[in-house]
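Take a look at the structure below.
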Amino acid sequence: MGSVTSAQWLGYPTASIPRLPNGKPNLAAPAPRKANGQPDLSGIWQVPGLKYLINIAADVKDVPFQPWAEAVYKERVANFGKDDPNNRCLPSITPEKIAVTSPWKIVEIPGVTIVLYESRTIFRQIFTDGRSFPADMNPAWQGYSVGRWDGDTFVVDTKGFNDKGWLDTNGHPVTDALHVIERYTRKDFGHMDVAITIDDPKAYTRPWTVVEPAVYQPDTELIEYICEENNKDPQHIVGK
């Protein structure tokens, strides 16, 4: 795949964020709040490292696989992820998108929260205007998302997935029955926990949850990311 460049406008100071006496962002400052008292999630975030991108279940002792799903998972691991859709620049799905090694920006406006993912230059709409899911959802890579607040936590329900995505590069499988519940809790200015529940009764015997820590990315911006440009991966990915 072509080289990946970090976000642009490095060093351009993010306006109106708390700073230490030396001018550096104060990530330990209290979380900002909107006029209605809810935490403000706006900003650029990233989950550090590769841990959850490689294995979303890294902190889960026993993944509750259905037998067929466990067999598929083991086959994908043994084949070194040869058939991972990412290798051919197809979209990462929610929730793999959260753990990718590039940042994502949350934009909150009345009625909808928008997430802009630098990876693949993909956007996501989380509707907060009280609507329910469409009666007839055309299966999609990112599904359909509706959000609500539970105290200081933003809860997002996503359904209507196709069955083409993987949960991680190891290859935890999903089906069209996938229901993802995300709980975004901003702990202070620079740190937010994202608790992700996977509920896919066709692939797993019960719902299971992982918590991924996201860190605020100050003084930077997103950059265009075109995966298809100069993608050299497929010819080198042959499995075993």
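Read-outs: derived from the displayed coordinates by stated rules, not from any lab. Keep in mind the model is a prediction, meaning the values are calculated, not measured. As a convention, Cβ positions derive from the backbone with ideal geometry for all residues, glycine included, and neighbour counts pool all protein chains shown.
Quick rundown of the values:
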item: Surrounding net charge for D188, when Lys and Arg each add one and Asp and Glu each subtract one, Cβ distance under 13 Å; result: 0
item: More than 30 Å apart - percent of Cα-Cα pairs taken over the range 43-236; result: 17
item: Gaussian network model of the chain, Cα within-10 Å springs - most flexible of S42, S92, S132; result: S132
item: Taking all pairs of distinct alpha-carbon atoms in the range 139-240, Kirkwood radius in angstrom; result: 16.2
item: Amide H contacts under 5 Å for W166, placed H, 5+ residues apart; result: I93
item: Size of electric dipole in the chain: Cβ of Lys, Arg +1 and of Asp, Glu -1, about Cα centre, debye, nearest 20; result: 260
item: Zero-based 10 Å bins, Cα pair distances in the range 1-137, whole percents; result: 9, 28, 32, 22, 8, 1
item: Compactness of the range 86-201, expressed as Rg and Dmax over alpha-carbon positions, Å; result: 13.8, 40
item: Whole-Hz ³J(HN,Hα) from phi, Karplus 6.51 cos²θ - 1.76 cosθ + 1.60, for the range 63-75, glycine and proline x; result: 5, x, 5, 6, x, 5, 5, 5, 5, 5, 4, 5, 5
item: Under-5 Å amide H pairs with V112, H placed in peptide plane, nonlocal only; result: T128
item: Lysine pairs meeting the criterion (Cα under 24 Å, 8 or more apart or interchain), as found in the range 149-240; result: 5
item: Local net charge near N36, Cβ-Cβ under 14 Å (Lys/Arg +1, Asp/Glu -1); result: 0
item: The range 1-108: chymotrypsin sites (Phe, Trp or Tyr not before Pro) falling in loop per DSSP and having at most 16 other Cβ within 10 Å; result: W9, F80
item: Contact order normalised by residue count of the range 1-141, Cα under 8 Å, 6+ apart, percent; result: 20
item: GNM top mover of N36, N55, N170 - the chain, alpha-carbon springs below 10 Å; result: N36
item: Charge dipole of the chain about the Cα centre (unit charges at C-beta), most positive-ward option of T205, A28, M137; result: A28
item: Rg ratio (alpha-carbon, reference 2.2 N^0.38 Å) - the range 119-182; result: 1.19
item: Listed residues Q38, I122, I109: farthest to the positive end of the dipole of the chain (Cβ charges); result: Q38
